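The values are calculated or read from the model by the stated rules, or taken from the named source; none is laboratory data. Small disclaimer: the values here were computed from a predicted structure and weren't measured. Here the Cβ is made from the backbone with ideal geometry for all residues, glycine too, and neighbour counts use every protein chain on show. Note: accessible area is taken over every heavy atom of the protein model, side chains too, but ligands, DNA and RNA are not part of it. Shrake-Rupley method; radii C 1.70, N 1.55, O 1.52, S 1.80 Å.
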Amino acid sequence: MNKRRFKILITTCILFIGILIMRKNITATKEIDNKPSNSGSMLALEMNSDVVKDVFSKLTLLEDKIKSEKYRDLYFKFDGEEKSFSIEEKLYILFENIYERSLDSNDDEIVSLEINQEELINEAKVMFNDEAFDAVAANFSTSLDCGIVEYLYTGQKYELKVKRCEGSDVISKTRLEKAIKKGNFIDLTVRAYRIIPSKKGKTFEVKNFNDDEILDKDTLDNIEAKEKTIFDEYDIQSYIFSFELKGDDYYLSSIKKEN
């Protein structure tokens, strides 16, 4: 065999082996991409993309309008590593959404809401993909000063009175850090902290939720002015909000603390 034929044979073998490797890699990638779980290949999503904006908008309590002290900031208040919603917390989320829509035409200090069972179930479908939402056994808590100050379930409808909260002694700050698509899931990483009044003086303290360590202490104006610095330079807790694709839409599946 002359040198030219030998070179051609070697080149052909290398190309054949290369094609086999490429085909194997492509097949493996397709299998991972099609796997219906929160694992496999990951894709970083643009923060300003429509899908991220749409999913992020489902976290309605980040802009809580009712601010009842019992359920305020419930996204971030939980023991352990993962959050699960009680029936009362789900009710609050549904009430919050319906109440926010009523603000377009109602600017009264106290708003009376009557929500029939069908409307609440429809809202539960939108928020939780729950077509059998049942709050009969809910032990819903009212607020003393502002928020949902009256609550009555008649069996056919929910009767609420919501008193506007004029400011708050506790302020929460959040920032969306990244969005990752994994199979049928989209994970949003959100960092959050709270600003609370100091026990002495007119200063305020920056703390993580479920943690008493003081990260910063200053006047409220100064703390709010350095919000970006706090997020960039302080050890602010991150939370992963996982949304699962069900049908044509994404629904909140779990909230976990990021270690």
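A compact table of results
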read-out	value
Tabulated pairs, region 131-155, first β-branched (Val, Ile, Thr), second assigned to a loop (DSSP other than H, G, I, E, B), C-beta under 6 angstrom, 6+ apart or interchain	ILE148/SER68; ILE148/THR142; VAL149/THR142; VAL149/SER143
Qualifying residue in region 231-238 (condition: free of Cβ contacts under 8 Å to residues at least 12 places away in the same chain, among the charged types (D, E, K, R) and closer than 16 Å to LYS173 by Cα)	yes
Failed condition for ILE223, given (1) open to solvent by less than 30 Å² (accessible area, probe 1.4 Å); (2) within 19 Å of ILE196 (Cα to Cα); (3) within 23 Å of the chain's Cα centre (by Cα)	(3)
Qualifying residues in region 139-154 (those that are of a type outside the set (Ser, Thr, Tyr) and over 23 Å from the mean Cα position of the chain (by Cα)) - the one nearest to PHE243 (Cα to Cα)	ASN139
Residue selected from region 234-248 under the condition open to solvent by less than 80 Å² (accessible area, probe 1.4 Å) and over 17 Å from the mean Cα position of the chain (by Cα), by the criterion nearest to PHE78 (Cα to Cα)	TYR234
Output for region 205-220, where each listed residue is polar (S, T, N, Q) and either farther than 28 Å from THR60 by Cα or open to solvent by 30 Å² or more (accessible area, probe 1.4 Å) (or both)	ASN210, THR219
Those residues of region 175-204 which are of a type outside the set (D, E, K, R), under 21 Å from ILE93 (Cα atoms) and surrounded by fewer than 19 Cβ atoms within 10 Å (Cβ to Cβ), in sequence order	LEU176, THR189
Residue in region 55-62 that is surrounded by 15 or more Cβ atoms within 10 Å (Cβ to Cβ), modelled with pLDDT under 90 and not in a helix (DSSP H, G or I) present	no
The lone exception for PHE231 - which of (1) open to solvent by less than 50 Å² (accessible area, probe 1.4 Å); (2) in contact with a helix residue (DSSP H, G or I) (Cβ under 9 Å, 6 or more places away or on another chain); (3) farther than 21 Å from LYS70 by Cβ; (4) modelled with pLDDT of 95 or more it fails	(2)
